[in-house]
Amino acid sequence: MTALSTEQTHDRTAPAPEPGEQPVSDNLPLTPSQLKAFGEEMDAIRQRIIASLGEEDADYIHRVVKAQRAFEVAGRALFYVPPAWPLAVAALSVSKILDNMEIGHNVMHGQYDWMGEPGLSSRMYEWDNVCPSEQWKYSHNYIHHTFTNIVGKDRDIGYGILRMDADQKWHPYYLGNPVYAFLLMVFFEWGVAMHDLEVENIVAGKRKISENAALHRGIMRKVKRQALKDYLLFPALTGPLFPLTLAGNATANLVRNIWAFNIIFCGHFPAGVATFSVEETENESRGQWYLRQLLGSANITGGKLFHLMTGNLSHQIEHHLFPDLPARRYPEVAAEVQEICERYGLEYHTGPLGKQLFSVAAKICRFALPDRASDVPGLSTLAGAAGLVTRFVSRRPSVAVVPDAA
Amino acid sequence: MGLATTILQSRAVAALASPHGVDRYLELVNPMWAATEVRARVVDVHRETTGEHPVATITLQPTSTWRGHRAGQYVQVGVEVPGARRTTRCFTISSAASAPGERFTLTVRAHSEGLVSKFLVERAEPGLVVHLSQAQGDFTLVESPATPTNNHLLFITGGSGITPAMSMVRTLLRDGYDGHVGRRVTFLHYARGPEDQVFADELASWADADNGVRVVLRHESAGDPRFSAIDLARLVPDFREVDTWVCGPAGLMELVELAYDGSPRLRTERFKPPVVKAGSAEGDVVFSRAGTQAANSGAPLLEQAEAAGLTPEFGCRMGICFSCTARKSEGTVRNVLTGEESSLPDEEIRICVSAPVGDCVVDL
Ligand code: FES
């Protein structure tokens, strides 16, 4: 169905603000009437894609699932051939990445629920990861996707561990920002599993340990299952090669952790991506919700294989605008979204992986330090030095946010 | 159960295949391999009648996981209808009771509204793989071929309702249960006309054989009498004292129930649970698990469920998190964000953004 021909979209211009109207805020630079038109354009895209879902999307996800299972079986089998160890690890890593990203994350978003296939249903899918899918769906699909980049509400801003935004108050604890980030990367699946326990809120006295009992049980059940197969059964099945297989399985999990962490951090933390205050987003209209998703996310440019391995989270913007559309449609939607952004004069954050990673790393280091000397309790003598460092870091070339032609 | 199945169903293999499960791997190698799920391959399609609502008998070879069925039971059949949407419907098994892993048949009438029945009758071909449940239902024959009694058995069926009775009589005859020691079977069937009569040849051969089975066919187009207690009493004078199985359209079922006047000998099977229509203009919403029904207010189902005192799960309440997903078994819903309407049966919907249009049944 092509209800909306491309020519039509290009002809249209963004509506001018109505007399006397003000943009919502500096961060959300459209007026209410513009937001309405903007939201309708986004809805139109969504509706068109939904109407065209069918065999091609089903074939695609079936192919990806088949490839993932094949990589997994190949990886497990290759551990019986010691010289093929690196290959085995590579195959298993690819399997875990596909399982978690292009399949698990997207299936759990309900992108394939329309197919009615129990194996691809958001209600039933369980991924190859220590975080139970039930809990992931709560913290990710609900909390993160609803309250995206609202400081104080979206717990994915720094995962309760890191300082990733100027609006998070500085504390000497955050001097360890780069170290915590590194540890979170290495242990990412565990970090994700612990995410729901809201440990930071327990420390702050805002949450009781007893509230976590049910979550704990769920996590422990899943951890046991994951550990049993990766760290006991499969290694044991390779007999004398036990230690090698164990190390291989651990490495595959590590590779997946590092990859997933980096892709995900490039989705919301490169420079220029906006965060929002709770007040700014009160009584938010649907158009404003779209705008917040757009300005609070960033894409990564790359080829087809790269997009597949990121689970199409390289199209983080499109994913946040349309979290329940099959991810393979994001590239086709991206062109339209960019065109709409140009008409409305909105930023569309994108860049190659290297650039985005550098930008994220700079941010992690930058927010390790206080913004003003006065933020540092009892360190007035060092204030000058800290200020110098701060100024130095913030003078780092900020990453351009020009839409990338690729 | 073979050794392979025992191994595949073991806890050790389940632990290795965690979290996806053994079947998610086996199905990729061969759709007929399964450890717990049941699937079947269509091995034969036989057209019984043509015309506006044609009937076909479909022979299925199930996977080894099929536990068999008792005569009179039904099975859920899921097929991928065009557009890659798996749709599931129940069908009564028409062949005699099956043992585990054994072939069985479904006799299906293509309804104009029935996505699955139309698909099976019009498009199923040998080789097609369908998804099954295990056999279900309590509308079964209690008479055991192993310890036969000489009770008189009476079957009253109408239209497609003939299938469970076929399965029962076929089982009796196959297992050597006949009338030589004074047992009798009366098979009374109502059809629109001879052209709509399924299993005509087999019924004729039952009638001719010396087996104690009496077949009475009533064809509306030939002016045969419709069901009445008087007509039935002419065939089976003490019918209220005879074990009776009845299955057919709602109108027939009501008349039979009236005639039996609460007799415990009557066993009934309906194709669809009766949906009570209270007649409100916007239709009614039925929350099938809670067993409540309310007039449709036009609001999203989540709000209507809450108003009815239910507490369904939810998160964002704006259609993005899928926390509130529930199965809509019947009816049309409109997506309040996009205005799209959808009438697919057995569809997963987000109740926070789905408002019913007319009558609607949700599994809540
Ligand atoms: S409550 Fe989030 S989709 Fe319905």
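The values are calculated or read from the model by the stated rules, or taken from the named source; none is laboratory data. Values in this document were obtained by computation on a predicted structure and should not be read as measured data. Note: ideal-geometry Cβ built from the backbone for every residue, glycine included; neighbour counts use all protein chains shown.
Can you tell which of B:Leu302, B:Leu344 is within 15 Å of the ligand (Cβ to nearest atom) and either modelled with pLDDT of 85 or more or in a loop (DSSP other than H, G, I, E, B) (or both)?
B:Leu302
Do you know which of the residues in region B:75-96 that are farther than 19 Å from B:Glu113 by Cβ and in a strand (DSSP E or B) is nearest to the other protein chains (Cβ to nearest Cβ)?
Going through region B:75-96, the residues farther than 19 Å from B:Glu113 by Cβ turn out to be B:75, B:84, B:93-96.
Applying the additional criterion that residues be in a strand (DSSP E or B) yields B:75, B:93.
Details: B:Val75: 16, B:Ile93: 22 Å.
Filtering first and then ranking leaves B:Val75.
Of everything in region A:153-185, what is hydrophobic (A, V, I, L, M, F, W, C), in contact with a helix residue (DSSP H, G or I) (Cβ under 6 Å, 6 or more places away or on another chain) and farther than 26 Å from A:Ser374 by Cα? Give them in sequence order.
Those that are hydrophobic (A, V, I, L, M, F, W, C), in contact with a helix residue (DSSP H, G or I) (Cβ under 6 Å, 6 or more places away or on another chain) and farther than 26 Å from A:Ser374 by Cα: A:Leu184, A:Met185.
Just to be sure before I move on: is B:Gly72 over 23 Å from B:Gly127 (Cβ atoms) and within 12 Å of another protein chain (Cβ to nearest Cβ) in the structure I sent?
Here the answer is no, as B:Gly72 does not meet what is asked.
Scan A:Arg221, A:Arg292 and give me the residue that is farther than 28 Å from A:Ala88 by Cα, assigned to a helix (DSSP H, G or I) and within 14 Å of chain B (Cβ to nearest Cβ).
Within the list A:Arg221, A:Arg292, the selection yields A:Arg292.
Which members of region A:110-120 meet the condition of being within 7 Å of chain B (Cβ to nearest Cβ) and part of a loop (DSSP other than H, G, I, E, B)?
First pass over region A:110-120, keeping only residues within 7 Å of chain B (Cβ to nearest Cβ): A:110, A:113-117, A:119.
Scanning region A:110-120 gives A:Gly110, A:Gly116, A:Glu117.
Residue by residue through region A:306-335, note down the ones that are out of contact with any strand residue (DSSP E or B) (no Cβ under 8 Å at 6 or more places or on another chain) and hydroxyl-bearing (Ser, Thr, Tyr).
Of everything in region A:306-335, just one residue is out of contact with any strand residue (DSSP E or B) (no Cβ under 8 Å at 6 or more places or on another chain) and hydroxyl-bearing (Ser, Thr, Tyr), namely A:Tyr330.
I'm told B:Ser112 meets every condition in (1) touching a residue at least 40 places away in the same chain (Cβ under 8 Å); (2) buried (at least 17 other Cβ atoms within 10 Å of the Cβ) except one. Can you identify the failing condition by its number?
Checking B:Ser112 against (1) touching a residue at least 40 places away in the same chain (Cβ under 8 Å); (2) buried (at least 17 other Cβ atoms within 10 Å of the Cβ), the one that fails is (2).
Could you tell me which numbered condition A:Ser33 fails, if it satisfies all but one of (1) in contact with a Phe, Trp or Tyr (Cβ under 9 Å, 6 or more places away or on another chain); (2) surrounded by fewer than 20 Cβ atoms within 10 Å (Cβ to Cβ)?
Tallying (1) in contact with a Phe, Trp or Tyr (Cβ under 9 Å, 6 or more places away or on another chain); (2) surrounded by fewer than 20 Cβ atoms within 10 Å (Cβ to Cβ), A:Ser33 fails exactly one: (1).
Return only the number of the condition from (1) within 14 Å of chain A (Cβ to nearest Cβ); (2) at pLDDT below 95 that B:Thr5 does not satisfy.
(1)
Answer with yes or no whether A:Asp196 is within 14 Å of chain B (Cβ to nearest Cβ), within 20 Å of the chain's Cα centre (by Cα) and of a type in the set (Asp, Glu).
Spelling it out, A:Asp196 is indeed within 14 Å of chain B (Cβ to nearest Cβ), within 20 Å of the chain's Cα centre (by Cα) and of a type in the set (Asp, Glu).
Could you grab me the full set of residues in region A:314-360 that are without any contact (Cβ under 8 Å) to a residue 24 or more places away in the chain and over 22 Å from A:Glu41 (Cβ atoms)?
A:Gly354
From the list B:Glu48, B:Glu37, exactly one residue is in contact with a strand residue (DSSP E or B) (Cβ under 9 Å, 6 or more places away or on another chain), surrounded by 16 or more Cβ atoms within 10 Å (Cβ to Cβ) and closer than 30 Å to A:Phe234 by Cβ. Which is it?
Matching residue, one of B:Glu48, B:Glu37: B:Glu37.
Tally time: how many residues in region A:134-188 are modelled with pLDDT of 95 or more and acidic (Asp, Glu)?
Adding up the residues that qualify gives 0.
Please work out if B:Ser98 is under 18 Å from the mean Cα position of the chain (by Cα) and over 19 Å from B:Trp66 (Cβ atoms).
no
Do we have A:Arg46 as modelled with pLDDT of 90 or more and within 20 Å of A:Leu294 (Cα to Cα) here? Before you say what the answer is, go through the steps one by one.
Details: modelled with pLDDT of 90 or more: yes; within 20 Å of A:Leu294 (Cα to Cα): yes.
Yes; evaluated as a whole, the condition is true for this residue.
If I ask for residues that are within 6 Å of the ligand (Cβ to nearest atom) and within 33 Å of the chain's Cα centre (by Cα), which ones from region B:305-316 would you list?
Passing the criteria: only B:Phe314.
Among the residues of region A:161-205, write down those that are of a type in the set (A, V, I, L, M, F, W, C) and assigned to a loop (DSSP other than H, G, I, E, B).
A:Ile161, A:Leu162, A:Met164, A:Ala166, A:Trp170, A:Phe187, A:Leu197, A:Ala204 - these are the residues of region A:161-205 that are of a type in the set (A, V, I, L, M, F, W, C) and assigned to a loop (DSSP other than H, G, I, E, B).
Please find, within region B:317-341, the residue that is nearest to the ligand (Cβ to nearest atom) out of those that are assigned to a loop (DSSP other than H, G, I, E, B) and touching a Ser or Thr at 6+ places or on another chain (Cβ under 8 Å).
B:Cys321
State whether one or more residues within region A:137-149 are of a type in the set (D, E, K, R), free of Cβ contacts under 8 Å to residues at least 60 places away in the same chain and out of contact with any helix residue (DSSP H, G or I) (no Cβ under 6 Å at 6 or more places or on another chain).
Here is the first cut: in region A:137-149, the ones of a type in the set (D, E, K, R) are A:137.
Checking the rest, the ones that are also free of Cβ contacts under 8 Å to residues at least 60 places away in the same chain come to A:137.
Then drop every residue that is not out of contact with any helix residue (DSSP H, G or I) (no Cβ under 6 Å at 6 or more places or on another chain), which leaves none.
No: region A:137-149 contains no residue that is of a type in the set (D, E, K, R), free of Cβ contacts under 8 Å to residues at least 60 places away in the same chain and out of contact with any helix residue (DSSP H, G or I) (no Cβ under 6 Å at 6 or more places or on another chain).
May I ask you to verify whether A:Glu72 is surrounded by fewer than 20 Cβ atoms within 10 Å (Cβ to Cβ), part of a helix (DSSP H, G or I), in contact (Cβ under 8 Å) with a residue 12 or more places away in the chain and within 14 Å of chain B (Cβ to nearest Cβ)? I'd like the intermediate steps shown before the answer.
Working: surrounded by fewer than 20 Cβ atoms within 10 Å (Cβ to Cβ): no; part of a helix (DSSP H, G or I): yes; in contact (Cβ under 8 Å) with a residue 12 or more places away in the chain: yes; within 14 Å of chain B (Cβ to nearest Cβ): yes.
The answer is no for A:Glu72.
Please state which one of A:Leu305, A:Leu232 is surrounded by fewer than 17 Cβ atoms within 10 Å (Cβ to Cβ), within 13 Å of chain B (Cβ to nearest Cβ) and part of a helix (DSSP H, G or I). Don't jump to the end; show me each part of the working.
Numbers: A:Leu305 fails: within 13 Å of chain B (Cβ to nearest Cβ).
Checking each option against the conditions leaves just A:Leu232.
Here's a check for you: in region B:347-362, which residue that is away from chain A (no Cβ under 12 Å) and within 14 Å of the ligand (Cβ to nearest atom) is surrounded by the fewest Cβ atoms within 10 Å (Cβ to Cβ)?
For region B:347-362, the residue satisfying everything is B:Ala355.
Looking at this structure, is A:Asp43 among the acidic types (Asp, Glu), within 14 Å of chain B (Cβ to nearest Cβ) and buried (at least 18 other Cβ atoms within 10 Å of the Cβ)?
no
Sort out which residues of region B:312-344 are within 15 Å of B:Phe287 (Cα to Cα) and in contact (Cβ under 8 Å) with a residue 40 or more places away in the chain, and write them in order of number.
Within region B:312-344, B:Pro312, B:Ser329, B:Glu330, B:Gly331 qualify.
Here are some residues: A:Asn149, A:Asn129. Which one is buried (at least 23 other Cβ atoms within 10 Å of the Cβ), away from chain B (no Cβ under 13 Å) and farther than 30 Å from B:Val79 by Cβ? Don't jump to the end; show me each part of the working.
On the way: A:Asn129 fails: away from chain B (no Cβ under 13 Å).
So the residue among A:Asn149, A:Asn129 that is buried (at least 23 other Cβ atoms within 10 Å of the Cβ), away from chain B (no Cβ under 13 Å) and farther than 30 Å from B:Val79 by Cβ is A:Asn149.
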